[in-house]
Amino acid sequence: MISPATIEQIKSLMAEASVYEDDLEESFILGGGPGGQKTNKTSNVVRLMHEPSGLMVRCGETRSRETNRWLARRMLAETILEREHVRKSAARQAKEKIRRQKRRRSRRQREKMLEDKRAHSEKKAMRRPVEAD
């Protein structure tokens, strides 16, 4: 059984992830795995479909349908928040990459880069065929 405090935490997590009950399509399916007859004969596994994001979450961690309902909601909210975090992180990394590319090089870096280019040019010049006189 889930405590009222845990239910409130899950509700606040759902609010943070912008998951509303109206957007959820909930269905119950037959369970399986350990738990014996109770899980195999009852529809205690919860499947939540979140219409706006297209995410589907399936939860059958416990033998209790009501507990699985709340756990599925928590899983859905966490998944949406994780996706959002990854998206923001990728955008931040792209911005940082552009910033690094635009940054001016120090005199020492510039000299090293030019020296590397000269050495590479000389190496390539050595590969040219020998010209006959």
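Can you tell me which residue in region 62-84 is farthest from Ala17 (Cα to Cα), limited to those that are open to solvent by 70 Å² or more (accessible area, probe 1.4 Å) and without any contact (Cβ under 8 Å) to a residue 40 or more places away in the chain?
Among those residues, the one meeting the criterion is Arg63.
May I ask you to list the residues in region 61-74 that are closer than 15 Å to Glu26 by Cβ and in contact with a Lys or Arg (Cβ under 9 Å, 6 or more places away or on another chain)?
Those that are closer than 15 Å to Glu26 by Cβ and in contact with a Lys or Arg (Cβ under 9 Å, 6 or more places away or on another chain): Ala72, Arg73.
Can you tell me which residue in region 94-116 is farthest from Ser53 (Cα to Cα), limited to those that are polar (S, T, N, Q) and in a helix (DSSP H, G or I)?
Here the residue is Gln109.
Just one of (1) open to solvent by less than 100 Å² (accessible area, probe 1.4 Å); (2) under 29 Å from Gly33 (Cα atoms) trips up Ala90, so point out which.
Of the numbered conditions (1) open to solvent by less than 100 Å² (accessible area, probe 1.4 Å); (2) under 29 Å from Gly33 (Cα atoms), the odd one out for Ala90 is (2).
Being of a type in the set (Lys, Arg) and over 37 Å from the mean Cα position of the chain (by Cα) is the filter; apply it to region 96-114 and report the residue that is most open to solvent (accessible area, probe 1.4 Å).
Checked region 96-114; the qualifying residue most open to solvent (accessible area, probe 1.4 Å) is Arg108.
Give the residue, chosen from Ala91, Ala119, Ala125, that is at pLDDT 90 or above, of a type in the set (A, V, I, L, M) and closer than 29 Å to Ser53 by Cβ.
Details: Ala119 fails: closer than 29 Å to Ser53 by Cβ; Ala125 fails: closer than 29 Å to Ser53 by Cβ.
On inspection, the qualifying residue turns out to be Ala91.
State the number of residues belonging to region 3-15 that are part of a loop (DSSP other than H, G, I, E, B) and either surrounded by 11 or more Cβ atoms within 10 Å (Cβ to Cβ) or within 21 Å of the chain's Cα centre (by Cα) (or both).
Of the residues in that region, 0 qualify.
Go through region 16-61 and count every residue that is part of a strand (DSSP E or B) and open to solvent by 30 Å² or more (accessible area, probe 1.4 Å).
9
The values are calculated or read from the model by the stated rules, or taken from the named source; none is laboratory data. Not measured: the values here are computed from a predicted model. When we count neighbours, we look across all protein chains shown, and the Cβ atoms used for this are built from the backbone with ideal geometry, even at glycine. Quick note on the areas: whole protein, heavy atoms, side chains included, nothing else; ligands and nucleic acids left out. Shrake-Rupley method; radii C 1.70, N 1.55, O 1.52, S 1.80 Å.
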